[in-house]
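Below is one structure, written out as structure tokens; the observations come after it.
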Amino acid sequence: MALQTLLSRNAGVLAVIAATGLTLTSIPAVARAEQVAVGRAVDPGAGAAKGQVADRLGDRTGRTVADAGAPALPDGVSARAWTVTDVRTGDVLAARNAHQRLAPASTLKTLFAVTVLPKFRAGAVHKVTPAELAGIGQGSSLVGIKEGRSYQVADLWRGVFLRSGNDAVRVLAAMNGGWTATAREMQARAGQLGARDTSVKSPDGYDSPGQVSSAYDLSVFGRAGLADADFARYCATTTARFPSKGSPSFEIQNTNRLLSGANGLRRYPGIVGVKNGYTSNAGNTLIAAARRGGRTLLVTVLNPQSGASNAVYHEAGSLLDWGFRAAGKARPVGSLVAAAPGGRATPSADGARSGAERPSASARPVAAQVSREPGRWSHTTGWAVAGGFAVALAVGAVFGWRMYVRGRRTPGGGS
């Protein structure tokens, strides 16, 4: 009778879940799982509490790929958080601490570009005023913008992407309505993209109290950017003249060493961008995308702890290598959310992913679609309340079932 009662309660729980439209992969994050997860449809840290994630993954935790035929994860990845994502599908192939909130440094410039880049024509000319260069943080990376000189918008964006120039960000933000207004707009854009771990205080990524993002969110920004032809072209540019017209001008080189092949590194095969960063608080950070065999992968690596030279680039390269080996073998652990046509983050239905990867030229966008995103919440408050009720019932039923089984198998156990 106890078993029949429990099964009846489970059926009721399933009915509630069905009525609310909730699936176990749409449970919002309530804790951040400190683990690597590979081989099941859950994003570590994006599902539920750590115990629930472990239940869903079984023994598929730690630094081992458990699915048959999938290669082992690379050794020596010391980053505090990282993700490996298929750009076309949005599938996260592997992740560590994907939703851990960390300082992003200049990788946050991807969100700045996603927010501001569409607003101004590349050929538009702007004359820089002294006020626009005021407030640049001490020790900031600069491209060398001079007050009183006129620059094309395209030059300013090359300054952002190649030299990570905070002076270029300052000028573009001033054109966009000001520093504070741009930060607010970036925050709103992050929300539209479903990036809930991000808090924007300084649009250039400069260390500021309370400014955080996550490997997951930065992957969302990088993927959204690659869907834009201008973003894709700028982030793939290795060298350029700055400014492109007039004199004096000088050559600038991209500081992303996977792209430029500088400082003892080789250019990563198939690299298409995206953005690197560093501050004393954030450590080294990197979003990098590469295309190989018709597949584009994106990795985000935050704050390697090894202390090795070029660690962020070596670790990103090894994760990209793993991703290309694992493609088609490792089942995803989660999926990125994308903005719906109306601007609200919306996961698509199972099996309803749309869109295809664009042509392979690096200046063309490589992703433009809405993807299902397990482990995040994008419904209205009413649905959230109903969903939370269903989750509570589901967790209770699962716990009851486990207690029942334990009682059957363990002498003296209760039912």
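From the set of residues in region 328-342 that are touching a Gly at 6+ places or on another chain (Cβ under 8 Å), surrounded by 15 or more Cβ atoms within 10 Å (Cβ to Cβ) and part of a loop (DSSP other than H, G, I, E, B), which is modelled with the lowest pLDDT?
So the residue we want is Ala338.
Every residue in region 231-261 that is of a type in the set (Val, Ile, Thr) and within 15 Å of Asn276 (Cα to Cα), please.
Within region 231-261, Thr237, Thr238, Thr255 meet the criteria.
Can you tell me which residue is surrounded by the fewest Cβ atoms within 10 Å (Cβ to Cβ) among those in region 231-245 that are touching an Asp or Glu at 6+ places or on another chain (Cβ under 7 Å) and not in a strand (DSSP E or B)?
Only one residue fits best here, namely Ser244.
Of all the residues that make up region 296-324, how many are charged (D, E, K, R) and out of contact with any strand residue (DSSP E or B) (no Cβ under 7 Å at 6 or more places or on another chain)?
So the count comes out to 1.
Is it the case that Val77 is in a loop (DSSP other than H, G, I, E, B), β-branched (Val, Ile, Thr) and under 26 Å from the mean Cα position of the chain (by Cα)?
Criteria met by Val77.
Take region 208-242 and flag every residue that is among the acidic types (Asp, Glu) and touching a Lys or Arg at 6+ places or on another chain (Cβ under 9 Å).
The answer is Asp217, and nothing else.
Tell me whether region 343-352 contains one or more residues that are out of contact with any strand residue (DSSP E or B) (no Cβ under 7 Å at 6 or more places or on another chain) and modelled with pLDDT of 95 or more.
no
For region 115-161, give me each residue that is of a type in the set (D, E, K, R), closer than 15 Å to Ile252 by Cβ and touching a helix residue (DSSP H, G or I) at 6+ places or on another chain (Cβ under 7 Å).
Passing the criteria: only Arg158.
Restricting attention to strands (runs of 3 or more DSSP E) lying wholly within region 246-325, give those where 3 or more residues are surrounded by fewer than 19 Cβ atoms within 10 Å (Cβ to Cβ), at negative phi and touching a residue at least 12 places away in the same chain (Cβ under 8 Å).
Fully inside region 246-325 and qualifying: 250-253.
Filter region 195-235 down to the residues that are of a type in the set (S, T, N, Q) and more than 15 Å from the chain's Cα centre (by Cα) and list them by number.
The answer is Ser202, Ser208, Gln211.
Inspect region 199-213 for any residue being in a loop (DSSP other than H, G, I, E, B), surrounded by fewer than 24 Cβ atoms within 10 Å (Cβ to Cβ), touching a residue at least 12 places away in the same chain (Cβ under 8 Å) and charged (D, E, K, R) and give the result as yes or no.
Looking for residues that are in a loop (DSSP other than H, G, I, E, B), surrounded by fewer than 24 Cβ atoms within 10 Å (Cβ to Cβ), touching a residue at least 12 places away in the same chain (Cβ under 8 Å) and charged (D, E, K, R), one finds at least one in region 199-213, hence yes.
Scan region 169-189 and tell me whether some residue there is within 21 Å of the chain's Cα centre (by Cα), assigned to a loop (DSSP other than H, G, I, E, B) and over 21 Å from Ala103 (Cβ atoms).
No, the conditions are met nowhere in region 169-189.
Based on what the data block shows, is Arg170 closer than 30 Å to Thr89 by Cα, surrounded by 20 or more Cβ atoms within 10 Å (Cβ to Cβ), among the basic types (Lys, Arg) and touching a helix residue (DSSP H, G or I) at 6+ places or on another chain (Cβ under 9 Å)?
Considered against the rule, which asks whether it is closer than 30 Å to Thr89 by Cα, surrounded by 20 or more Cβ atoms within 10 Å (Cβ to Cβ), among the basic types (Lys, Arg) and touching a helix residue (DSSP H, G or I) at 6+ places or on another chain (Cβ under 9 Å), Arg170 comes out as no.
Given the structure, is Arg358 surrounded by fewer than 23 Cβ atoms within 10 Å (Cβ to Cβ) and modelled with pLDDT of 50 or more?
Here the answer is no, as Arg358 does not meet what is asked.
The values are calculated or read from the model by the stated rules, or taken from the named source; none is laboratory data. Bear in mind the structure is a predicted one, so any value in this text is a computation, not a measurement. With ideal geometry, Cβ positions are generated from the backbone for all residues, glycine too; neighbour counts draw on all protein chains shown.
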